[in-house]
Amino acid sequence: MAAAEAPAGPFTLPPLPYAEEALAPVIDAETMKLHWGAHHRAYVNNLNAAVAADPALAGLSLEAMMARMSTLPKAVRDNGGGHWNHSFFWAIMAPPGTGGQPSPRLLAAIIDQFGSLPAFRKAFEQAGLRQFGSGWAWLIVKPDGKLAVTSTANQDNPLMDLVPAAERGVPILGNDVWEHAYYLSYRNRRGDYLAKWWEVVNWNDVNRRFEDARKRR
Ligand code: MN
């Protein structure tokens, strides 16, 4: 089904919480325009088409889909994952200089798990660099409450039941390492993008997600 003919719902493209140029120079406006307005829109349209084609999917929330992804069609894995991941991604970024810092409680958990904030950042960048091909690097809260750095391929994420148990948890930070996320500005230099990206992390939102994940346990 062509995107123009895709059903209008139940899923919709969320508005960006800032202007397309607001993350520059870390992420340029043209990348944001394509990434949000074309790539994310396509995941939403394709997810709506997949849901329309399968009555068993009617009424399922995105979160419910993640929890039982091993039983759902590949189109839902790819496009439902794409929709969840990108909605999350826009929210955990903010214009340079506005995202705040890790909260004292999150910083303590990071130091407890990784030794220091720089050591965590290095581990996260390494996860992004090591992910072969397209995928994501994540900071998750595991079911035991501990933090972990993981990565997933394609549009998978740590909420999906088909991800190995050791890699599963609630994402509180994640970076898109698909080439479409960085290629216009960084070309093939994924490491440069990963290093620069910290300037647009919305720690205020990450802190809130950390507290929510702790309470959910
Ligand atoms: Mn992407």
Might you tell me the accessible area per residue for the chain, computed with a 1.4 Å probe and given in Å²? 46 Å²
When all protein chains stay in place, what accessible area (Å², nearest 10, 1.4 Å probe) is found for TYR43? 30 Å²
If every Lys and Arg gets +1 and every Asp and Glu gets -1 at its Cβ, then about the Cα centre the range 27-217 yields a dipole, in debye to the nearest 20, of 340 debye
Per the rule of 0.36 nm per residue minus the C-alpha distance, extending ALA91 to ALA29 adds in nm 20.7 nm
Ranking ASN204, TRP84, ASN188 by how far each Cα lies towards the positive end of the charge dipole of the chain (+1 on Lys and Arg Cβ, -1 on Asp and Glu Cβ), the top one is ASN204
At what distance in angstrom do the alpha carbon centres of the range 94-117 and the range 138-217 lie from each other? 14 Å
List the relative contact order of the chain as a percent without decimals, with contacts defined as Cα pairs under 8 Å and 6+ residues apart. 23 percent
Relative contact order (percent, whole number), the range 96-217, Cα cutoff 8 Å, 6+ residue spacing: 30 percent
If you roll a 1.4 angstrom probe over the protein chains with everything in place, what fraction of the accessible area of the chain belongs to carbon and sulfur, to the nearest %? 54 percent
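The values are calculated or read from the model by the stated rules, or taken from the named source; none is laboratory data. A quick note: this is a predicted structure, and the numbers were derived from the prediction, not measured. Cβ coordinates were reconstructed from backbone atoms using ideal geometry, including for glycine residues, and neighbour counts include every protein chain displayed. Surface areas here come from the heavy atoms of the whole protein model, side chains and all, with no ligands, DNA or RNA. Shrake-Rupley method; radii C 1.70, N 1.55, O 1.52, S 1.80 Å.
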